[in-house]
Amino acid sequence: MNAIVKRRVHVAAAAIISADKKQVLIARRPSSFDQGGLWEFPGGKLAPYETGLEGLKRELHEELGVEISCAQPLIRVHHEYPDKRILLDVWQVHEFAGEPFGREGQAVRWVPMEDLASYPFPAANLPILRAVMLPTEYLITAEEDDEDVFIERLTRALDKDGVRLVQLRGKTLSGEEYVARARQALALCREYGARLLLNGEPALLEQVDADGIHLTSERLMQLDQRPVPMGKWLGASTHNAEQLDKAAALDCDLVTLSPLAPTPSHPDAILMGWHDFQQHVEHAGMPVFALGGMTRFHANRARAVGAQGIASIRDFWR
Ligand SMILES: Nc1nc2c([nH]c(=O)n2[C@@H]2O[C@H](COP(=O)(O)OP(=O)(O)OP(=O)(O)O)[C@@H](O)[C@H]2O)c(=O)[nH]1
Ligand SMILES: [Mg+2]
């Protein structure tokens, strides 16, 4: 079909999260529908006059019989299907009234977060699954020569701040020291149910069975295919559109995008500003963490412009 005549469809959908935050509600598209038999996040096409949130409220009432009063933006994904271009405008819903059921005869199921990836979803949904599974805060560890201080601070962040995604940076450590540190960090992260990404070469995963790798922007630009298998997480540091495109081409699961504000580690960096950040995020098609001078106080602002949340060293490393 000629690209020029493709329909544009704006869809609002919800990741409805259970009160214990461990499960998410999905529905199966009836077999007579477009993409029938696949699972999806409940929602549907906006009417021309509706905002995303208005359309979401109406769709959740029509499809599930639940009433929502508020929702937080989670991720926006632009995807091209053979017959249409869709914008999936996905929201996270924590509070609702009523017991959800399939009002249109569709199967509806609460599934544990960790099982989500085993359900077949439409092609556009991969970044959404990633966004649902990831937290809003990403801790990057500081350079720390003293092992005891490292353990103490990481434990504090996992325990007191509830951090569930950690990147182990250790540029000043030798290769051997880094591996030893990574093993300690992994044991701690496992204890708290947190994911650990190693900042370094993908081959490190053969020595330490962490949850994935976080690539520097420099390393990212040298690669031409995804360097870790699908079961592992792949993150990358990005600073501009070219690097974001590369991250998308490598099918990264998440990126950091920086710098938003000056930091002691990068005092002279040219800052991005929220407007440019928002434009980059809109087209990233994957979860993006705002980085550079971010604290948890910035998390809501970052979310409001489409980010997954914030990444920080200083805010968590105390
Ligand atoms: N609701 C929903 N739609 C999705 C998801 N992923 C995805 O690709 N889509 C696509 O987005 C479009 C949503 O349309 P829909 O069929 O839900 O629309 P609707 O509820 O307004 O139904 P209707 O058009 O039959 O009245 C479909 O083409 C569907 O395949 C998803 O996770 N949730
Ligand atoms: Mg629908």
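The values are calculated or read from the model by the stated rules, or taken from the named source; none is laboratory data. In this text, all values refer to a predicted model and were calculated from it rather than measured experimentally. Don't worry about glycine lacking a Cβ; one is built from the backbone with ideal geometry, like all the others, and counts go over all protein chains shown.
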Subset of region 124-133 (residues that are over 19 Å from Arg109 (Cβ atoms) and either under 8 Å from the mean Cα position of the chain (by Cα) or within 7 Å of ligand 1 (Cβ to nearest atom) (or both))
Ala124, Pro127, Arg130, Ala131
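Picking from Arg190, Arg130, Arg164, Arg195, which residue would you name as being over 23 Å from Leu64 (Cβ atoms), out of contact with any Asp or Glu (no Cβ under 9 Å at 6 or more places or on another chain) and of a type outside the set (Gly, Ala, Ser)?
Arg190
Quickly run through region 92-108 and pick out the residues that are more than 16 Å from ligand 2 (Cβ to nearest atom) and in contact (Cβ under 8 Å) with a residue 60 or more places away in the chain.
First, the residues of region 92-108 that are more than 16 Å from ligand 2 (Cβ to nearest atom): 92, 94-99.
Scanning region 92-108 gives Gln92, His94, Phe96.
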Over region 37-92, the set of residues within 11 Å of ligand 1 (Cβ to nearest atom), in contact with a Phe, Trp or Tyr (Cβ under 7 Å, 6 or more places away or on another chain) and not in a helix (DSSP H, G or I) is Leu38, Trp39, Glu40, Val90
Looking at region 264-276 only, could you name the residues that are in contact with a strand residue (DSSP E or B) (Cβ under 9 Å, 6 or more places away or on another chain) and over 16 Å from Gly309 (Cβ atoms)?
Ala269, Met272
Taking region 268-311 and the residues there that are part of a loop (DSSP other than H, G, I, E, B) and among the aliphatic types (A, V, I, L, M), the one that is nearest to Ala236 (Cα to Cα) would be Met286
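Does Val11 satisfy the criteria of being in a strand (DSSP E or B), surrounded by 15 or more Cβ atoms within 10 Å (Cβ to Cβ) and more than 16 Å from ligand 2 (Cβ to nearest atom)?
no
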Looking across region 7-36 at residues that are of a type in the set (S, T, N, Q) and more than 23 Å from the chain's Cα centre (by Cα), the single one that is nearest to ligand 1 (Cβ to nearest atom) is Gln35
Out of Ala249, Ala269, Ala299, Ala261, which single residue is modelled with pLDDT of 95 or more and at negative phi?
Ala249
Among the residues in region 140-150, are any touching a strand residue (DSSP E or B) at 6+ places or on another chain (Cβ under 8 Å), assigned to a strand (DSSP E or B) and either buried (at least 19 other Cβ atoms within 10 Å of the Cβ) or aromatic (Phe, Trp, Tyr) (or both)?
yes
Which condition number in (1) loosely packed, with under 14 Cβ neighbours inside 10 Å; (2) among the aliphatic types (A, V, I, L, M); (3) under 20 Å from the mean Cα position of the chain (by Cα) is the one that Ala47 fails?
(3)
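Matching residues to (1) surrounded by 13 or more Cβ atoms within 10 Å (Cβ to Cβ); (2) of a type in the set (Asp, Glu); (3) modelled with pLDDT of 95 or more:
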| position | (1), (2), (3) |
| --- | --- |
| Leu186 | yes, no, yes |
| Ala203 | no, no, yes |
| Ala236 | yes, no, yes |
| Asp276 | yes, yes, yes |
In region 40-61, the residues that are of a type in the set (A, V, I, L, M, F, W, C) and either in contact with a helix residue (DSSP H, G or I) (Cβ under 6 Å, 6 or more places away or on another chain) or within 12 Å of ligand 2 (Cβ to nearest atom) (or both)
Phe41, Leu46, Leu56, Leu60
Of the conditions (1) over 30 Å from Asp315 (Cβ atoms); (2) assigned by TED's automatic domain parsing to the domain that holds Leu197, Lys84 satisfies every one except a single condition; which number is it?
(2)
When you look at Glu63, is it surrounded by fewer than 19 Cβ atoms within 10 Å (Cβ to Cβ) and either over 30 Å from Leu173 (Cβ atoms) or of a type in the set (A, V, I, L, M) (or both), yes or no?
no
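Can you tell me which of Ala247, Ala210, Ala302, Ala284 is over 30 Å from Trp91 (Cβ atoms) and crowded, with 17+ Cβ neighbours inside 10 Å?
Sole residue among the options that is over 30 Å from Trp91 (Cβ atoms) and crowded, with 17+ Cβ neighbours inside 10 Å: Ala210.
Give me the residue from region 109-145 that is out of contact with any helix residue (DSSP H, G or I) (no Cβ under 7 Å at 6 or more places or on another chain) and within 14 Å of ligand 2 (Cβ to nearest atom) and, out of that set, nearest to Ala157 (Cα to Cα).
This residue is Asn125.
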